[in-house]
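See structure below.
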Amino acid sequence: MREIIDVERLLRNYDLDRISIATIASHSALQILRGAHEYGFRTIGIARPGHGWFYRQFRFIDEVWEADFANFESIVPKLLERNAILIPHGSYVEYVGWRRAIKMEIPTFGNRYLLEWEADQRLKMKLLEYAGIPTPKVFNDTNYAKYPVIVKLYGAKGGRGYFIAKDREELTRRLNDLKDDYIIQEYVIGVPAYYHYFNSYVYNRLEVFGMDIRYESNVDTRIPGLAEPTFTVVGNIPMVLRESLLPTVQKYGEQFVKAVSELVPPGIAGPFSLESIITDDMRIVVFEFSGRIVAGTNVYMGVGSQYSVLYFDRPMDMGERIAHEIREGIKSGKLTKLLT
Ligand code: AMP
C-alpha cells in the first residue's frame, strides 16, 4: 500500500479565499486556466524553458513561469505560497513522471495515485476488468492468440511503438526483435470513441461530459495501406454518440468509479476518460483509461460540450467544469475530497 499524502496538512496554511490554479503549460492548459480565470481564481502556467512566450500572450493567465521539470520539486514552495492547486494532465505525467507526481507536496486535483495504474499496461487492464467493463482479450501464448493482435510496449507513449500482427508467423518474427516488456492484445475491429466523464463529489453524480475521437498519424492517413499503421495523436475531433449507447457509457463510467473507490483510495474526483472501440454489433470494448483530464476535451474549449448542457443551464468546457467544482467545493467544505 502506497503512502498517501495528507491533503489537510498541505492545505493547513492555505488562504481559501485566494486559491490559484496551476498547471503545466501544455496539453489542456489553455482551457484549464481560462476556466479557472472565469471563476475568479488566480492562474499560473508552468512552461518548459523557452516555451513560456506562447502562453504570455493570453490575458487569462496571470503568471507564466518557466521551470526545469527535472527539478519540479524546487518550485513547489513557490506554488504553496500562492495557495496553488495543481491540475495534473498528460504532459505533467510525461515531464515529471508518475513516481514523482504521487509524492509531490502540492495539493493535486483528482486522484494522483491513479497515475501509477494508468502507466502500467497490466494494472490498467486489471482495474478495467475488476470494474466489469468489457476489454480486449489478452494473450499470453502466441499459439492461442486470435488474430489480428496489437502488441503494446510498456514504455510506449501515445500509441508510438505499438504494432499490429495479422498472423502467428508475423507475430513471432516481430516479437523476436523486441527487448522491452509488452502485452499482446486482441485487435478489436471497429471505430474508436473516447468518453470524457466528470465525477462530482459536489453534486454526488457522474456526468458523461463529452466525447471525441483522435486524429492519428498515420492510421488516419488519406492513403491507407502504404505504411505501417502508427497511432501518434496529432489532434482530436468532436463526436456525439447514438443516444441508445449513452446508458451503456454511463454504466461503464459508474462501474469504473466504483472500482477505483475499492482499489485506488480515496476514489476518483473530477475528470477521467474511458477509451474504446465500438464494434459493428454495438459492443463497446474499452482498451484504456486516463484518470485525469484528457486532451480530447479541448474539442469544446470555450464553447462547451453538448452533453454539459444536460447538467448545467449553459454549455461548459472541462476547464470551467473543474473550476466550478473547486469553487463549489470550497463553499460547501468539500475541497479536501476533491484533492490528493
Ligand atoms: P493508446 O495509445 O493505448 O490510446 O492506443 C493508440 C490507438 O491504438 C488507439 O487510439 C486505438 O485506435 C488503437 N488501439 C489500441 N488498443 C486497441 C485494441 N485492443 N484494438 C483495436 N485498436 C486498439
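The values are calculated or read from the model by the stated rules, or taken from the named source; none is laboratory data. Bear in mind the structure is a predicted one, so any value in this text is a computation, not a measurement. Here the Cβ is made from the backbone with ideal geometry for all residues, glycine too, and neighbour counts use every protein chain on show.
Taking only region 34-93 into account, find how many residues are assigned to a strand (DSSP E or B), in contact with a helix residue (DSSP H, G or I) (Cβ under 8 Å, 6 or more places away or on another chain) and over 22 Å from Glu325 (Cβ atoms).
4
For Leu127, indicate whether it is away from the ligand (no atom under 11 Å from the Cβ) and not assigned by TED's automatic domain parsing to the domain that holds Ile237. Even if it seems obvious, please write down each step before you answer.
On the way: away from the ligand (no atom under 11 Å from the Cβ): yes; not assigned by TED's automatic domain parsing to the domain that holds Ile237: no.
In short, no.
Taking the options Lys152, Lys103, name whichever one is of a type in the set (D, E, K, R), within 9 Å of the ligand (Cβ to nearest atom) and either assigned to a strand (DSSP E or B) or in contact (Cβ under 8 Å) with a residue 12 or more places away in the chain (or both).
Working: Lys103 fails: within 9 Å of the ligand (Cβ to nearest atom).
Every option except Lys152 fails the conditions.
Just to be sure I understand, how many residues within region 228-253 are closer than 12 Å to Tyr194 by Cα, in contact (Cβ under 8 Å) with a residue 60 or more places away in the chain and not in a strand (DSSP E or B)?
1
Starting from residues that are charged (D, E, K, R), more than 14 Å from the ligand (Cβ to nearest atom) and not in a loop (DSSP other than H, G, I, E, B), keep the ones in region 177-222 and report whichever is nearest to Asp167 (Cα to Cα). Please lay out each step first, then the result.
Of the residues in region 177-222, the ones charged (D, E, K, R) are 177, 179-181, 186, 205, 207, 212, 214, 216, 220, 222.
Then drop every residue that is not more than 14 Å from the ligand (Cβ to nearest atom), which leaves 177, 179-181, 205, 207, 222.
Filter again for not in a loop (DSSP other than H, G, I, E, B), leaving 205, 207.
Working: Arg205: 45, Glu207: 41 Å.
My answer is Glu207.
Please name all residue pairs, on different chains or six or more residues apart, with Cβ atoms under 7 Å, provided the first residue is in region 168-193 and is among the aromatic types (Phe, Trp, Tyr) and the second residue is surrounded by 14 or more Cβ atoms within 10 Å (Cβ to Cβ) and part of a strand (DSSP E or B).
Tyr182/Val151; Tyr182/Lys152; Tyr182/Leu153; Tyr187/Val149; Tyr187/Ile150; Tyr187/Ile164
Among the listed residues Gly132, Gly161, Gly225, identify the single one that is part of a loop (DSSP other than H, G, I, E, B), modelled with pLDDT of 95 or more and farther than 30 Å from Gly304 by Cβ.
Working: Gly161 fails: modelled with pLDDT of 95 or more; Gly225 fails: modelled with pLDDT of 95 or more.
Residue meeting the stated conditions: Gly132.
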